[in-house]
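Enquirer: Encoded as C-alpha cells, here's the structure I'll be asking about.
The values are calculated or read from the model by the stated rules, or taken from the named source; none is laboratory data. Computed from a predicted structure; not experimentally measured. Glycine gets a Cβ as well: all are built from the backbone with ideal geometry, and neighbour counts include every protein chain shown.
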Amino acid sequence: MIEDMKSDLEKLSLNYFNNFMNKDLLNLRKIFDDKVELIDWNIQSIGIEKVLLEFEAIFSMFDIINVEINKIYISSNTAICDIIIFLDDTKLKVVDIISYKKDKIILINAYKQ
C-alpha cells in the first residue's frame, strides 16, 4: 500500500515536471488544487489563477525549459524533488517540495541551492 502511494506521488510529480517543461498551462491547471500555493526565492502566490499567471510569466521569459530529475523522495503526501532546471542557457540546482491533497498539488515550495 505504501509503495503504491509512493509510486503514485512519483508519477504525479513526473507529470508536473513534464507539464512544466512543455509550458502546458492547461494540464497544470488540471493538476493544481484551487488553493495551490507557489513559493520560491522570488515568488509567493496563492490560488490557482495567480499561480498560473506566475507560470505563464516564467514560460514567456524562456524559449527552452528542461528539468533533470536527480532524485524524488516521498514522505507521506509530499514529494521532495532534487532537480536541475535549465532555462535557456541558465542552470539552476533546485529542491522542489511538492505537497499533494489526493491527486492535486496544493503547495510547491522551491529552494534554489
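Enquirer: Looking only at the range 34-47, how many residues end up being farther than 15 Å from Asn19 by Cβ and either of a type in the set (Asp, Glu) or modelled with pLDDT of 95 or more (or both)?
Expert: 9
Enquirer: Give just the number: which of (1) in a helix (DSSP H, G or I); (2) at pLDDT 95 or above does Glu3 not satisfy?
Expert: Looking at each condition in turn, Glu3 falls short on (2).
Enquirer: Further question: Taking the condition at pLDDT below 95 and either surrounded by 17 or more Cβ atoms within 10 Å (Cβ to Cβ) or among the aromatic types (Phe, Trp, Tyr) (or both), does Leu9 pass?
Expert: yes
Enquirer: Of the numbered conditions (1) of a type in the set (A, V, I, L, M); (2) out of contact with any strand residue (DSSP E or B) (no Cβ under 6 Å at 6 or more places or on another chain); (3) more than 20 Å from Tyr111 (Cα to Cα), Leu12 fails exactly one; give the number of that condition.
Expert: Failing condition for Leu12: (3).
Enquirer: Consider the range 26-57. How many of its residues are loosely packed, with under 15 Cβ neighbours inside 10 Å and either touching a residue at least 24 places away in the same chain (Cβ under 8 Å) or touching a Ser or Thr at 6+ places or on another chain (Cβ under 6 Å) (or both)?
Expert: Summing the residues that are loosely packed, with under 15 Cβ neighbours inside 10 Å and either touching a residue at least 24 places away in the same chain (Cβ under 8 Å) or touching a Ser or Thr at 6+ places or on another chain (Cβ under 6 Å) (or both) in the range 26-57 gives 3.
Enquirer: Further, regarding this structure: I'm checking my understanding of the structure. Among residues of the range 59-69 that are in contact (Cβ under 8 Å) with a residue 12 or more places away in the chain and in a helix (DSSP H, G or I), which one is nearest to Lys35 (Cα to Cα)?
Expert: Checked the range 59-69; the qualifying residue nearest to Lys35 (Cα to Cα) is Phe59.
Enquirer: Which of the residues spanning the range 39-50 are of a type in the set (A, V, I, L, M, F, W, C) and farther than 19 Å from Lys101 by Cβ?
Expert: Trp41, Ile43 - these are the residues of the range 39-50 that are of a type in the set (A, V, I, L, M, F, W, C) and farther than 19 Å from Lys101 by Cβ.
Enquirer: Of everything in the range 2-24, what is in contact (Cβ under 8 Å) with a residue 40 or more places away in the chain and in contact with a helix residue (DSSP H, G or I) (Cβ under 8 Å, 6 or more places away or on another chain)? Give them in sequence order.
Expert: Passing the criteria: Leu12, Tyr16, Phe20, Lys23.
Enquirer: While we're here: Would you point out the residue of the range 25-38, among those that are charged (D, E, K, R) and touching a helix residue (DSSP H, G or I) at 6+ places or on another chain (Cβ under 8 Å), that is nearest to Asp103 (Cα to Cα)?
Expert: Top of the filtered list is Asp33.
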